[in-house]
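Have a look at the structure below before the remarks.
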Amino acid sequence: MKTDKRIQDLLKQVADHFDQEDRAVRERQLRDWRRLKLLWEGFTRIWYSEVAHDWRIWDENVVNSDTDQEFYDKPINVFRAYLESIIAALSVTVPGIKCYPDDAENPLDLMTAKAGDKIGLLIFRHNDAPLLFLHALYIVVTEGMVACYSYPKEDEKYGTFKEDKYEDQTEEAYVCPYCGSQIVDEVFLDRLEDEYMPNEDSAPLHDVIVNQGKKMCPQCASLLDPNLQKSQFTVSRLVGTTNKPKSRICLECYGGTYVKVPSYARRQEDIPYLIFSYETHYSNVLARYPDLRKDFSASGKSGIVAGGLYEPYEQWARLSPQYRGEYPINNVTVRNCWLRPSAFEILPEEDAALLKKHYPDGAKIVLINDLYADDENESLDDCWTIMQDPMADYIHKRPMGSLLVNVQEITSDIISLVLQTIEHGISQTFADPSTLNFEQYRQTEVIPGGVYPATAKSGKSLGDGFFETKTATLSSEVLPFFQQVQQLGQMASGALPSLFGGQIEGSKTASEYSMSRAQALQRLQNTWRMVTFWWKNIYGKAIPMYIKEMKEDERSVEVDERGNFINVFVRIAELEGKIGRIELESNENLPITWSQRKDVYMKLLEIQNPLIIEGLTAPENLKNLAEAIGLGDFVIPGQNDVDKQLEEIMILVNSEPIVQPPSDEDIVMAMASGQEPQPIELPSVEIDYDIDKHDLEAEVCRSHLVSPAGRLEKTENPAGYKNVLLHMKAHLDASKQKALEEMQMQMAAQVETAKMAEPGGSNQPLTENANVNTES
């Protein structure tokens with residue numbers, strides 16, 4: 001703990017003040033969120049106990065009763081099915097981001113914006129962004145409000161960097177009183193440096209130095225007092241290097257059960273505080289804050305109590321549904337409280353001024369149960385990004401899952417009712433023992449159409465000796481009502497059948513399914529837009545945070561569009577500019593699925609536009625085309641040639657061109673033109689003149705040279721870049737040579753055909769020495 005006791009008490013007083021705010025409202029919110037969590041986990045038969053202040057699972061309370069109701073309760077979790085369909089539709093892809101420079105005409109800003117794009121990809125991969133995005137959507141449908149916590153974390157598993165260690169040392173030296181430079185001791189020795197052949201111009205200076213005993217500063221040439229004393233000064237000396245762990249930017253998403261913000265806040269700027277609480281084993285707390293060990297007591301006699309419930313209602317709301325009313329016995333509550341400087345105003349003016357002096361950007365304090373653990377100066381807005389719903393007046397809103405609670409309850413009731421009706425639909429028959437001999441009937445073999453002896457009572461018919469119970473029948477309105485409830489649930493939540501592949505009304509053609517799915521996705525457009533803008537704001541904080549934590553150049557291995565592994569560097573020298581803003585990389589439309597992508601490709605192929613066909617069949621798009629069509633085993637013409645050339649490019653990049661001395665003919669031609677003969681450069685990988693598709697492989701080389709990897713090689717690996725360039729030129733020369741040979745063969749064939757067409761030409765075979773002029 002770095003602060004004194006008074007400041008700790010003031011900070012804790014502020015945190016406790018806001019922690020007790022809106023307690024009644026928050027308890028209602030926690031109860032609703034807890035209910036949705038239980039429904040998501042499949043606990044549909046629950047009821048709220050006002051005595052225990054807890055949701056109780058109804059099945060477990062009647063298992064020992066005399067009723068058999070639990071036998072008929074076979075609920076189907078439509079609540080989770082609808083919400084998972086919505087989450088799946090919104091999580092097809094994660095929205096990309098694009099960094100814009102602060103000044104489009106500033107080269108440094110342009111370079112930093114491009115580096116910001118690469119940093120965004122690193123943050124995406126480090127945090128498993130698709131899973132994080134999926135979890136955020138889960139919080140949206142079950143809790144409504146979702147907040148992202150961004151923070152740097154140091155760990156050796158992320159790598160290490162070397163940091164020089166310096167120590168201040170006190171030294172003595174002569175210092176020139178005129179220019180302030182240090183003077184070596186040799187200047188004050190009683191000797192004059194020899195000068196070769198001194199002339200008249202050197203005489204005055206030599207007289208002052210030799211005869212008058214003066215000294216001269218070698219920097220400013222000022223004459224110094226020979227009795228000048230040494231001065232003491234402090235210098236930093238390199239004493240060694242240490243390995244320190246690298247940092248990464250971590251992103252975590254939480255809902256209202258973990259994050260408390262005021263219910264009256266309309267925007268993030270309105271919240272004076274944010275409290276992030278969670279439960280963990282006390283050993284994790286002691287490992288992070290070892291100073292608390294003296295205040296910890298597993299027996300509960302003093303200090304932190306293992307398993308003690310600091311806030312039972314809060315802890316109950318965050319508890320895993322698997323505990324079913326039980327509580328973990330070794331957990332403590334960790335409260336992280338972010339306080340804005342404006343939050344200090346609840347204290348007297350003098351105390352508020354003291355806290356603002358120590359925490360000008362706001363304070364973050366850590367409390368373990370009720371014990372003070374740590375604090376630091378930290379801004380709330382730099383760490384937290386809360387999703388803002390434009391269709392809600394406040395930060396807190398009703399989650400989407402609350403629209404399906406009644407649908408789930410009605411579904412469970414109808415299923416139970418139908419099961420009971422089916423069982424009680426089998427009637428029971430009662431018979432008079434004097435009419436039917438049961439013992440004899442049990443010993444008789446049942447034969448279809450058989451005749452059995454039975455005696456009617458006197459004055460009664462045989463039928464009067466038997467009675468059949470009335471069976472239960474399901475009302476004809478139940479199933480139509482059930483279907484109507486499902487349709488209402490789909491309309492309320494937006495999880496229409498076409499969204500998850502269900503049947504739709506109509507002729508059920510492919511075009512109708514496509515139109516129905518587009519309409520279903522259009523319903524979710526508002527949610528998608530809200531989530532994407534929140535995602536953009538997260539990266540607007542994470543990328544500058546990453547830049548601040550960078551200590552050395554970062555390298556990552558990526559895969560280009562052709563499947564090659566390339567090194568992508570983020571250099572500190574590229575971060576001297578300024579990023580103006582961060583925007584979404586693409587439009588705000590919902591992502592398309594694989595089937596929609598396939599439809600787009602097929603429609604483009606049907607257009608028969610030469611430019612579109614050329615783009616789709618380009619070497620870079622051949623693999624994407626095959627994947628989109630869904631033909632994994634489809635053999636694409638030229639794909640093997642592309643793969644072969646890509647392998648050769650990797651060899652060319654990692655080697656240098658072969659330099660050969662000029663030939664005698666080149667030397668003669670160079671001397672005739674008055675120039676120096678130049679050596680001949682050849683690629684380290686030769687082309688195969690007869691096998692290679694020279695035009696295709698030359699295009700693959702060209703695409704590599706103009707790609708980001710090729711542009712990087714041009715500056716950092718010029719030999720490898722030139723090697724690929726020479727290989728491309730060899731393919732182009734071979735292509736021209738083959739075209740010339742084909743033209744010569746065509747012209748020779750035309751001459752042969754013309755001679756055969758002359759009178760008597762068919763009877764005059766060409767001789768070996770026939771001259772065919774093909775040059776024209």
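The values are calculated or read from the model by the stated rules, or taken from the named source; none is laboratory data. If you're wondering where the values come from, they're calculated on a predicted model, not measured in any experiment. A quick note on method: Cβ atoms are made from the backbone with ideal geometry, for glycine too, and the neighbour counts reach across all protein chains shown. Calculation scope for accessible area: heavy atoms of the full protein, side chains included, ligands and nucleic acids excluded. Shrake-Rupley method; radii C 1.70, N 1.55, O 1.52, S 1.80 Å.
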Item checked: Scope the stretch 65-91; condition surrounded by 16 or more Cβ atoms within 10 Å (Cβ to Cβ), modelled with pLDDT under 80 and under 20 Å from Leu36 (Cα atoms); matching residues -> Asp73, Pro75
Margin query: Among the residues that make up the stretch 705-716, is at least one of them under 33 Å from the mean Cα position of the chain (by Cα) and of a type in the set (Ser, Thr, Tyr)?
Written below: yes
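Tell me the residue from Glu193, Glu171, Glu163 that is within 29 Å of Asp553 (Cβ to Cβ), at pLDDT below 90 and either part of a helix (DSSP H, G or I) or of a type outside the set (A, V, I, L, M) (or both), please. If you could, list the steps in order and put the result at the bottom.
Details: Glu193 fails: within 29 Å of Asp553 (Cβ to Cβ); Glu171 fails: within 29 Å of Asp553 (Cβ to Cβ).
Exactly one of Glu193, Glu171, Glu163 is within 29 Å of Asp553 (Cβ to Cβ), at pLDDT below 90 and either part of a helix (DSSP H, G or I) or of a type outside the set (A, V, I, L, M) (or both), namely Glu163.
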Checklist line | Evaluation of Arg517 against (1) of a type in the set (Lys, Arg); (2) at pLDDT 65 or above; (3) surrounded by 13 or more Cβ atoms within 10 Å (Cβ to Cβ) (one fails), failing number | finding: (2)
Note to self: Looking at the stretch 15-31 only, could you name the residues that are open to solvent by 60 Å² or more (accessible area, probe 1.4 Å) and in a helix (DSSP H, G or I)?
What the structure shows: His17, Ala24, Glu27, Arg28, Arg31
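Quick test for you: out of Leu462, Leu419, pick the one residue that is among the aliphatic types (A, V, I, L, M), under 55 Å from the mean Cα position of the chain (by Cα) and open to solvent by 60 Å² or more (accessible area, probe 1.4 Å). Quick ask: steps written out before the conclusion?
On the way: Leu462 fails: under 55 Å from the mean Cα position of the chain (by Cα).
Among Leu462, Leu419, only Leu419 is among the aliphatic types (A, V, I, L, M), under 55 Å from the mean Cα position of the chain (by Cα) and open to solvent by 60 Å² or more (accessible area, probe 1.4 Å).
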Note to self: Return the residues of the stretch 655-688 that are within 13 Å of His727 (Cβ to Cβ) and surrounded by fewer than 16 Cβ atoms within 10 Å (Cβ to Cβ); say none if nothing qualifies.
What the structure shows: Ser655, Glu656, Ile658, Glu681, Leu682, Glu686, Asp688
Check: What is the one condition in (1) open to solvent by 20 Å² or more (accessible area, probe 1.4 Å); (2) modelled with pLDDT of 75 or more that Glu60 does not satisfy?
Finding: (2)
Margin query: If I filter the stretch 32-51 down to residues being out of contact with any Phe, Trp or Tyr (no Cβ under 7 Å at 6 or more places or on another chain) and free of Cβ contacts under 8 Å to residues at least 40 places away in the same chain, which single residue comes out as surrounded by the most Cβ atoms within 10 Å (Cβ to Cβ)?
Written below: Gly42
Next item on the list: Pairs only if they're at least six apart or on different chains, beta carbon under 9 angstrom, first in the stretch 1-25 and without any contact (Cβ under 8 Å) to a residue 60 or more places away in the chain, second open to solvent by 50 Å² or more (accessible area, probe 1.4 Å) and not hydroxyl-bearing (Ser, Thr, Tyr); list them, first residue then second.
Entry: Asp16/Asp370
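Search the stretch 317-357 for residues being among the aromatic types (Phe, Trp, Tyr) and surrounded by 20 or more Cβ atoms within 10 Å (Cβ to Cβ), and hand back the single one that is farthest from the chain's Cα centre (by Cα). Lay out the reasoning, then the answer.
Taking the stretch 317-357 first, the residues among the aromatic types (Phe, Trp, Tyr) are 323, 327, 338, 344.
Filter once more, keeping what is surrounded by 20 or more Cβ atoms within 10 Å (Cβ to Cβ): 338, 344.
Working: Trp338: 25, Phe344: 36 Å.
Result: Phe344.
Restricting to the stretch 115-150, what's the tally of residues that are assigned to a strand (DSSP E or B) and either of a type in the set (S, T, N, Q) or over 15 Å from the mean Cα position of the chain (by Cα) (or both)? Please lay out each step first, then the result.
We begin by selecting, within the stretch 115-150, every residue assigned to a strand (DSSP E or B); these are 146-150.
Next, from what is left, pick out any that are either of a type in the set (S, T, N, Q) or over 15 Å from the mean Cα position of the chain (by Cα) (or both): 146-147, 150.
Looking only at that region, the number is 3.
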Check: Could you give every pair whose Cβ atoms fall below 6 Å, whose first residue belongs to the stretch 644-656 and is over 17 Å from Leu696 (Cα atoms), and whose second residue is among the polar types (S, T, N, Q), counting only separations of at least 6 or pairs across chains?
Finding: Leu652/Asn723; Ser655/Ser684
Item checked: Filter pass, Val685 being under 27 Å from Pro662 (Cα atoms), at pLDDT 85 or above and touching a Cys at 6+ places or on another chain (Cβ under 8 Å) -> no
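When you check Asn369 against the structure, is it open to solvent by 40 Å² or more (accessible area, probe 1.4 Å) and either out of contact with any Phe, Trp or Tyr (no Cβ under 9 Å at 6 or more places or on another chain) or of a type outside the set (D, E, K, R) (or both), yes or no? Talk me through it step by step, then tell me what you get.
Working: open to solvent by 40 Å² or more (accessible area, probe 1.4 Å): no; either out of contact with any Phe, Trp or Tyr (no Cβ under 9 Å at 6 or more places or on another chain) or of a type outside the set (D, E, K, R) (or both): yes.
So Asn369 does not fit the description; no.
Under the condition of being aliphatic (A, V, I, L, M) and modelled with pLDDT under 80, which residue from the stretch 634-654 is surrounded by the fewest Cβ atoms within 10 Å (Cβ to Cβ)? If you could, list the steps in order and put the result at the bottom.
Here is the first cut: in the stretch 634-654, the ones aliphatic (A, V, I, L, M) are 635-636, 642, 646, 649-653.
This time we only want the ones that are modelled with pLDDT under 80, so: 635-636.
Working: Val635: 8, Ile636: 14.
Of everything passing the filter in the stretch 634-654, Val635 is surrounded by the fewest Cβ atoms within 10 Å (Cβ to Cβ).
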Check: Which residues, taken from the stretch 232-287, are open to solvent by 50 Å² or more (accessible area, probe 1.4 Å), closer than 30 Å to Lys165 by Cβ and touching a residue at least 12 places away in the same chain (Cβ under 8 Å)?
Finding: Gln232, Thr234, Ser236, Arg237, Leu238, Val239, Thr241, Thr242, Asn243, Lys244, Arg248
Margin query: Here are the criteria: (1) open to solvent by 60 Å² or more (accessible area, probe 1.4 Å); (2) not in a helix (DSSP H, G or I). Tell me which single one Phe533 does not satisfy.
Written below: (2)
Checklist line | Residue ID - surrounded by the fewest Cβ atoms within 10 Å (Cβ to Cβ), chosen from residues in the stretch 92-113 that are of a type outside the set (A, V, I, L, M, F, W, C) and farther than 18 Å from Asn537 by Cα | finding: Glu105
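When the stretch 542-557 is examined, which residues are found to be part of a strand (DSSP E or B) and among the charged types (D, E, K, R)? I'd like the intermediate steps shown before the answer.
Quick first cut of the stretch 542-557, residues part of a strand (DSSP E or B) only: 554-557.
Correct list: Glu554, Arg555.
Can you say whether Ile691 is closer than 26 Å to Val642 by Cβ, of a type in the set (A, V, I, L, M) and open to solvent by 50 Å² or more (accessible area, probe 1.4 Å), as far as the supplied structure shows? Write out each step before concluding.
Details: closer than 26 Å to Val642 by Cβ: yes; of a type in the set (A, V, I, L, M): yes; open to solvent by 50 Å² or more (accessible area, probe 1.4 Å): yes.
So Ile691 fits the description; yes.
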